[in-house]
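Here the structure comes first, spelled out in structure tokens, and everything after it is commentary.
The values are calculated or read from the model by the stated rules, or taken from the named source; none is laboratory data. For clarity, every value in this text was computed on a predicted model and none was experimentally measured. Neighbour counts run over all protein chains shown; Cβ positions are idealised from the backbone, glycine included.
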Amino acid sequence: MTGPDLDAKRIARTRALMEAHLPNAMVAGYQRRIAKLVLPDPNDRHVLAAALHGKAQIIVTSNLKHFPKAVLKSHGMVAQHPDAFVCDLIAADLHRAARAFAADRARMANPPKTVEEYLASLVASSLANTALLLGDVTDKL
């Protein structure tokens, strides 16, 4: 992740949180696979290489066009938009998901968000279907 709109301190904080809460999610040793992979954007090959090395079944990305179905199918995997991925998680256990989203909303204390503002922020983050599903459990958020 690079770009002028990304704050280095915020990225470092997010990475530290991810490493602290998901210690087994880090994939190493995938680099040797990169050269053998073909994708529309060669700069995305590291993502597929890491997914293969980590034995992932799904690549969660907003950039679906860079991960063609035929290519991923040949590796036994699929790409899924984050909204679809989160909706699948919600569908698997609506009440547990509602608790997780409620906890996320509760952390937003500066300024706090109403349920409606929180759902609107999900829509603004390209999670419109997620917000729609959570609309059924607003009393739990």
(request) Could you please give the count of residues in the stretch 5-49 that are assigned to a helix (DSSP H, G or I), at pLDDT below 95 and not charged (D, E, K, R)? (result) 12
(request) Show the residue pairs that are 6+ apart or on different chains and have beta-carbon atoms under 7 Å apart, the first residue being within the stretch 100-112 and closer than 15 Å to V137 by Cα, the second being modelled with pLDDT of 90 or more. (result) F101/L134; F101/L141; A102/K140; A102/L141; R105/K113; R105/Y118; R105/L141
(request) Determine which single condition L52 fails, assuming it passes every other condition in (1) within 26 Å of A131 (Cβ to Cβ); (2) outside any loop (DSSP other than H, G, I, E, B); (3) of a type outside the set (S, T, N, Q). (result) (1)
(request) Would you mind stating whether T2 is more than 17 Å from V71 (Cβ to Cβ), at pLDDT below 90, part of a helix (DSSP H, G or I) and among the hydroxyl-bearing types (S, T, Y)? (result) no
(request) Considering every residue within the stretch 67-77, establish whether at least one is touching an Asp or Glu at 6+ places or on another chain (Cβ under 8 Å) and outside the structural domain of A128 (by TED's automatic domain parsing). (result) yes
(request) Of the numbered conditions (1) surrounded by fewer than 14 Cβ atoms within 10 Å (Cβ to Cβ); (2) modelled with pLDDT of 95 or more, P112 fails exactly one; give the number of that condition. (result) (2)
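Is it the case that L72 is among the aliphatic types (A, V, I, L, M) and under 24 Å from S125 (Cα atoms)? Lay out the reasoning, then the answer.
Numbers: among the aliphatic types (A, V, I, L, M): yes; under 24 Å from S125 (Cα atoms): no.
So L72 fails the test.
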(request) Check L134 against each of (1) exposed (fewer than 14 other Cβ atoms within 10 Å of the Cβ); (2) closer than 19 Å to Q80 by Cβ and name the one condition it does not meet. (result) (1)
(request) Within the stretch 131-141, track down each residue that is within 15 Å of A103 (Cβ to Cβ) and within 21 Å of the chain's Cα centre (by Cα). (result) L134, L141
(request) Would you check which residues across the stretch 30-82 are surrounded by fewer than 14 Cβ atoms within 10 Å (Cβ to Cβ) and charged (D, E, K, R) and list them? (result) R32, K36, D41, K55, K65, K69, K73
